[in-house]
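Some notes on the structure that comes next.
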Amino acid sequence: MTTRSSYAEVRAEVLRRHPAGQAPGGVSVDDIVQLRLQNTYPTHLDIARTMARVMRDDMAAYDADPRQFTQSLGCWSGFHAQQMIKAVKRLRGTTKGAYVYLSGWMVAGLRNRFGHLPDQSMHEKTAVADLITEIYTSLRQADEVAINDLFKELRKAREQNAPQSAVDAIIARIDGFESHVVPIIADIDAGFGNEHATYLLAKELIKAGACCIQIENQVSDAKQCGHQDGKVTVPREDFIEKLRACRLAFEELGVEDGVIVARTDSLGAGLTQKVPVSQQPGDLAAGYIKWLKTEEISEQTPARDGDLLLYRDGRLVRPLRSPNGLFHFQDNTGRQRVVEDCIASLSLGGADLLWIETDTPDVDQIAAMVADIRAVVPHAKLTYNNSPSFNWTLNLRKQVRQDWIASGRIQPDDYPDGASLMGAPYDDDPLGQEADARLRQFQADLAERAGVFHNLITLPTFHLTAKSTDELSRGYFGADRMLAYVNTVQREEIRRGVSAVKHQHEVGSDLGDTFKEMVSGERALKAGGVHNTMNQFESAAE
């Protein structure tokens, strides 16, 4: 994923500086070469620059072939991200097309010094940057552990006078090593303040390694989770200023290919904080104001002291307001506002990708909105939240039921139209099986029909951690006790080849032993001797 110097190139460079084969203090050239190659990225800003290029290349590949979409899972710790990417490498043999999503929801809920809190921009500003740093530290350590294992093989081969072809094969694996480092899409919420605050925070995320920043068009101090009520959007010119703030942060730090995801919550937002000033018909402000819910000023509804009035289509009207002063949008205008938001973000705000927050997982709904956007901006691409806030089983089964009724395959009373459709008896029913088939195809359909370049699940590791801990706890504190751990955790780790089964190795024990040998030689006090219980897992795949 990045151009790295080869083993031979690094060794030649180090030997030019230390032709005797040792640096001052008796440090071996071979040890210097290993450490240089283990350090796959000099700084996290280098990561941001390289991963931005990776994303741009992936976006170009998607434009050429929509089947080449990308995916990510939301991770709330470096270890989650590391294990996810290791799993991808075991499955595919490559990390290509796999990213990490960094969810503001999970930072608020799980990485918050103030406690477990809702997704309302209530976590510290530094928390997201800190988590990006942690994730890339973990991914880089995965590189160090894996490359150290390769160098152990190389040393052993040389000690045993293996054929040069065997030595060359190991060096080829070192040169061909693919880093665990992948792009992170980082959620900056609504910017945590004004446009200057957004710029300052964006710089911190980028310096931590983020090549892609996702920002939403809600009011910063009234931000709500996208799947909750009470969302308040800002006028489009206000949002465009924050998009520009993010772009300037990328440019200042030399991340010229930085990617910005402009998210709109307008589909479910019925309120706005302020009425923008329209300078002329058809400008951005006018396009926003036209969707306000108003009532005409008349003898029956006269103007009152303190009223805000608008002149619209030759009539004086009063925008309807809540007791807290927020303005209401007209009912059932969310779709139109979403399309206009997206066009403005792309054409005027310089956004690279869109995010449309929806209330149900419906390919047809998303595809229809994207078609309208692409009528103006032909290559518009989306990042889509395959959210755990959706009841996927119930939604997809209802969609199948409706389609089958429309086609005449079933009658309306053949299946229930409610929560009972979620029941386990339908798991093996033809309707349930068809819904599952659509789930399996859902992301590919979004990519090919709805312009979705990147599919993500925001909170999977939150739910997985809760479910897995519950499963283990129920067994361990119940009747199975140790069998619960062995059966639900360790046995599966071994059989799947999950390297974390050797937990000491996973966190760098062998890496530490190697460094001790580098500086202490035979005096090194190593952890990986014959009495290390991790040797019981030698047959487990790395």
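For region 38-162, divide the Cα radius of gyration by the Kirkwood radius and give the resulting Rg/Rh value with two decimals.
Answer for region 38-162: 1.07.
Taking the Cα centre of region 393-443 as origin and charging only Cβ (+1 Lys, Arg; -1 Asp, Glu), how large is the dipole, in debye to the nearest 20?
That gives region 393-443 a dipole magnitude of about 220 debye.
Which one of Q83, A64, L353 is farthest out on the positive end of the charge dipole of the chain, using unit charges on Cβ (Lys, Arg +1; Asp, Glu -1) and the Cα centre as origin?
The residue sitting farthest along the positive end of the dipole is Q83.
Rounded to a whole number, what is D in µm²/s for the chain from Stokes-Einstein with the Kirkwood radius over alpha-carbon pairs (37 °C, 0.692 mPa s)?
124 µm²/s
Indicate, rounded to the nearest 5 percent, the antiparallel portion of the DSSP beta bridges found entirely in the chain.
30 percent
Could you state the angle between the C-alpha long axis of helix 195-208 and the longest principal axis of the C-alpha atoms of the chain, as a value from 0 to 90 degrees rounded to the nearest 10?
Its long axis makes an angle of about 20 degrees.
Among H463, G93, G314, flag the residue with its Cα farthest along the positive direction of the charge dipole of the chain, charges on Cβ as +1 for Lys/Arg and -1 for Asp/Glu.
Result: G93.
Between helix 430-449 and the chain, what is the angle of the helix's C-alpha long axis to the longest principal axis, kept within 0 to 90° and rounded to the nearest 10?
On a 0 to 90 degree scale, this one is about 90.
Sort the following peptides by mean Cβ neighbour count (other Cβ atoms within 10 Å, averaged over residues), highest first: 105-111, 7-13.
Values: 105-111: 22.0, 7-13: 15.6.
So the peptides 105-111, 7-13, ranked by packing, come out 105-111, 7-13.
Using the Cα centre as the reference, give the magnitude of the dipole from point charges on the C-beta atoms of the chain (Lys, Arg: +1; Asp, Glu: -1; all else neutral), rounded to the nearest 20 debye.
980 debye
Expressed as a fraction of 2.2 N^0.38 Å, the rule-of-thumb size for a compact globular protein of N residues, what is the C-alpha radius of gyration of region 241-348? Walk me through the numbers on the way to the answer.
Working: Rg = 17.3 Å, N = 108, 2.2 N^0.38 = 13.0 Å.
With N residues counted in region 241-348, Rg over 2.2 N^0.38 Å equals 1.33.
So how do 489-500, 129-140, 259-270, 413-424 stack up, highest first, on mean other-Cβ count within 10 Å?
Working: 489-500: 15.4, 129-140: 21.8, 259-270: 24.1, 413-424: 12.8.
Those peptides, ordered most packed to least, come out 259-270, 129-140, 489-500, 413-424.
Let me make sure I get this right: for region 393-443, a, b and c are the square roots of the gyration tensor eigenvalues over alpha carbons, sorted descending. Under 1.5 in a/c it's rounded, otherwise prolate if a/b > b/c, else oblate. Which is it?
In terms of gyration-tensor shape, oblate.
Angle check, please: helix 164-175 long axis (alpha carbons) against the longest principal axis of the chain (alpha carbons), in degrees 0 to 90, nearest 10.
Approximately 30 degrees, to the nearest ten.
Which of A23, G432, F327 sits closest to the plus end of the dipole of the chain, meaning its Cα is farthest towards the positive end, when Lys and Arg get +1 and Asp and Glu get -1 on the C-beta?
Value: A23.
Coordinate-derived values only; no laboratory data. Because the structure is a prediction, the values reported are computed rather than measured. We place every Cβ from the backbone using ideal geometry, glycine too, and count neighbours over all the protein chains shown.
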